[in-house]
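Undergrad: Can you read through this structure? Questions will come right after.
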Amino acid sequence: MITMNNPQNFTLKLNHVYPVKSEKVFAAWTKPDLLEKWWGPQGYTTKIVEMNLEVNGSYKFNMRSANGVEHIVYGHYVEIIPNEKLVFTWQWEQQTEFPLTNVTVEFIEHDGNTEVIVTHKDLPNEEEAKNHSNGWTSFLKEKLTSFFH
């Protein structure tokens, strides 16, 4: 779902349920060796350049397409509640005009299954909101789902 907060501020919200406990899903988001196995859109591989998982700690992920195009995202962690929530900033290295945005990832366990809710705020326009929706959908519904099966 994409909502417009004002003409220059879009919010994206997606969710998906995985057949594992929240500890496993949280680990997939917070352990570099696991994150590299699923992070990025379909057809991309990811190299964790930096991942300092603590409040104000920084991260930098290099996503590479099959044809060698690199997309580097970076930011810092704002809030970390183990097995429950991650909040981090999001910035594209190659897109200097792209504003700093904010991502919240919630992990909600229900009877051994875990719902992940990703909220990406402060996207600058509808086109970027749609692009990020496509990317997050690929992350959550394709790659992370495959990771747990």
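Undergrad: Determine which single condition Thr114 fails, assuming it passes every other condition in (1) of a type in the set (Val, Ile, Thr); (2) under 24 Å from Glu50 (Cα atoms); (3) modelled with pLDDT of 95 or more.
TA: (2)
Undergrad: Can you find a residue that is within 23 Å of His149 (Cα to Cα), without any contact (Cβ under 8 Å) to a residue 24 or more places away in the chain and buried (at least 17 other Cβ atoms within 10 Å of the Cβ) anywhere in region 46-68?
TA: yes
Undergrad: Take the conditions on the phi > 0 side of the Ramachandran plot and either at pLDDT below 95 or of a type outside the set (A, V, I, L, M, F, W, C) (or both) and apply them to Asn102. Does it pass?
TA: Against the criterion (on the phi > 0 side of the Ramachandran plot and either at pLDDT below 95 or of a type outside the set (A, V, I, L, M, F, W, C) (or both)), Asn102 does not qualify.
Undergrad: Only one residue in Gln95, Gln91 is among the polar types (S, T, N, Q) and under 14 Å from the mean Cα position of the chain (by Cα). Which one?
TA: Every option except Gln91 fails the conditions.
Undergrad: While we're on this one: Would it be correct to say that Ser22 is closer than 22 Å to Val116 by Cβ, among the polar types (S, T, N, Q) and more than 14 Å from the chain's Cα centre (by Cα)?
TA: Yes, satisfied.
Undergrad: Look through Glu97, Glu106, Glu79, Glu36 and report the one residue that is acidic (Asp, Glu), closer than 22 Å to Ala129 by Cα and touching a Lys or Arg at 6+ places or on another chain (Cβ under 8 Å).
TA: It is Glu106.
Undergrad: Now for a different question. Criterion first (surrounded by 15 or more Cβ atoms within 10 Å (Cβ to Cβ), of a type outside the set (Lys, Arg), farther than 17 Å from Asn9 by Cα and touching a residue at least 60 places away in the same chain (Cβ under 8 Å)) does Phe107 satisfy it?
TA: Spelling it out, Phe107 is indeed surrounded by 15 or more Cβ atoms within 10 Å (Cβ to Cβ), of a type outside the set (Lys, Arg), farther than 17 Å from Asn9 by Cα and touching a residue at least 60 places away in the same chain (Cβ under 8 Å).
Undergrad: Which condition breaks for Phe88 when tested against (1) modelled with pLDDT under 95; (2) in contact with a His (Cβ under 9 Å, 6 or more places away or on another chain); (3) of a type outside the set (Ser, Thr, Tyr); (4) buried (at least 17 other Cβ atoms within 10 Å of the Cβ)?
TA: (1)
Undergrad: Sticking with this structure for a sec: Looking only at region 16-55, count every residue that is closer than 18 Å to Phe107 by Cβ, in contact with a strand residue (DSSP E or B) (Cβ under 6 Å, 6 or more places away or on another chain) and of a type in the set (Gly, Ala, Ser) and tell me the total.
TA: The number of residues fulfilling the criteria is 1.
Undergrad: Among the residues of region 71-85, write down those that are loosely packed, with under 13 Cβ neighbours inside 10 Å and free of Cβ contacts under 8 Å to residues at least 24 places away in the same chain.
TA: Hit for region 71-85 is Ile81, nothing else.
Undergrad: When you check Phe107 against the structure, is it in a strand (DSSP E or B), of a type outside the set (D, E, K, R) and in contact with a strand residue (DSSP E or B) (Cβ under 6 Å, 6 or more places away or on another chain), yes or no?
TA: When the stated conditions are applied, Phe107 passes them.
Undergrad: Which residues, taken from region 12-44, are exposed (fewer than 15 other Cβ atoms within 10 Å of the Cβ) and at pLDDT below 95?
TA: Gln42, Gly43
Undergrad: Considering only residues that are assigned to a loop (DSSP other than H, G, I, E, B) and either modelled with pLDDT under 90 or surrounded by 15 or more Cβ atoms within 10 Å (Cβ to Cβ) (or both), which ones fall in region 126-149?
TA: Once the filter is applied, which keeps residues that are assigned to a loop (DSSP other than H, G, I, E, B) and either modelled with pLDDT under 90 or surrounded by 15 or more Cβ atoms within 10 Å (Cβ to Cβ) (or both), region 126-149 yields only His149.
The values are calculated or read from the model by the stated rules, or taken from the named source; none is laboratory data. Bear in mind that the values here come from a model prediction, so they are computed numbers and not experimental data. Cβ: placed from backbone, ideal geometry, glycine included. Neighbour counts: every protein chain shown.
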